[in-house]
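Let me begin by presenting the structure, written as structure tokens, before commenting on it.
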């Protein structure tokens, strides 16, 4: 089994940035996705350049903070104050493909300016579920030749049809109450039995909480995740099951 352990929210907060790098250097994290429009995006990019073996993708963000595009060009994505809408509100709007495309392109351009060549794309708050966002991501993945994270059977099937690289299995259950050592060991063991030759992504959200300042409902669990991802127990399981740790750089198109 080949395993990508991807830490979301790189760039969101100094504590998250530090936790992700620590989990890469001392744990099983192999990959992360960078938010391009946050106050600590630049700091995260510098850390990534200092750790070149850490795979870094784009964490497409249309639900937190301000856009990179001029506000007048993406007005339908914003609330009255000029910020991105919360996910529930986003799904209630008539979202225009050209505005989504413009902003995602601006976010890609931003991380390229920071000398980050994205290994893949996923989306904050799983906006791959939104049909307009999904279509834009597919077009851009084909244009740039980069993999995407799938979030359910429908997106997996669509990406396979489009010949877009994506893992065989996506695990989002290492989160909240599910972010326990026993649960992670159980999931890896069971998946390894069912799909011994498969490629699996485990989503995670590690972070240090000492200077945590970002507006987020997911706070205390980040430290718990960090401890688990760096624990001797999980490293021993990876070794015992002969799991190969990889990043999205290892996924190729099947031309």
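Just so you know, all these numbers are worked out from the coordinates, no wet-lab data involved. All figures in this text were calculated on a predicted structure; none of them were measured in a lab. Neighbour counts are summed over all protein chains in view; Cβ atoms, including those assigned to glycine, are modelled from backbone coordinates with ideal geometry.
Going through (1) assigned to a loop (DSSP other than H, G, I, E, B); (2) more than 19 Å from the chain's Cα centre (by Cα); (3) in contact (Cβ under 8 Å) with a residue 40 or more places away in the chain; (4) surrounded by 19 or more Cβ atoms within 10 Å (Cβ to Cβ) one by one, residue 197 falls short only on (4). Quick one: count up the residues across region 130-182 that are farther than 16 Å from residue 201 by Cα, outside any loop (DSSP other than H, G, I, E, B) and touching a residue at least 24 places away in the same chain (Cβ under 8 Å). Selection size over region 130-182: 13.
In the set 104, 146, 138, 111, which member is closer than 30 Å to residue 196 by Cα, in contact with a strand residue (DSSP E or B) (Cβ under 7 Å, 6 or more places away or on another chain) and surrounded by 17 or more Cβ atoms within 10 Å (Cβ to Cβ)?
Among 104, 146, 138, 111, only 146 is closer than 30 Å to residue 196 by Cα, in contact with a strand residue (DSSP E or B) (Cβ under 7 Å, 6 or more places away or on another chain) and surrounded by 17 or more Cβ atoms within 10 Å (Cβ to Cβ).
Would it be correct to say that residue 174 is in contact with a strand residue (DSSP E or B) (Cβ under 8 Å, 6 or more places away or on another chain) and within 29 Å of residue 13 (Cβ to Cβ)? Considered against the rule, which asks whether it is in contact with a strand residue (DSSP E or B) (Cβ under 8 Å, 6 or more places away or on another chain) and within 29 Å of residue 13 (Cβ to Cβ), residue 174 comes out as yes.
Any chance region 177-185 includes a residue that's surrounded by 14 or more Cβ atoms within 10 Å (Cβ to Cβ), touching a strand residue (DSSP E or B) at 6+ places or on another chain (Cβ under 7 Å) and under 19 Å from residue 4 (Cβ atoms)? So far as region 177-185 goes, no, none of its residues is surrounded by 14 or more Cβ atoms within 10 Å (Cβ to Cβ), touching a strand residue (DSSP E or B) at 6+ places or on another chain (Cβ under 7 Å) and under 19 Å from residue 4 (Cβ atoms). Considered as a group, the residues in region 36-46 that are buried (at least 22 other Cβ atoms within 10 Å of the Cβ) and in contact with a helix residue (DSSP H, G or I) (Cβ under 6 Å, 6 or more places away or on another chain) include one that is farthest from residue 63 (Cα to Cα), and that residue is 44. Scanning region 75-99 for residues that are out of contact with any strand residue (DSSP E or B) (no Cβ under 9 Å at 6 or more places or on another chain) and either in contact (Cβ under 8 Å) with a residue 40 or more places away in the chain or crowded, with 17+ Cβ neighbours inside 10 Å (or both) gives 87, 95, 99.
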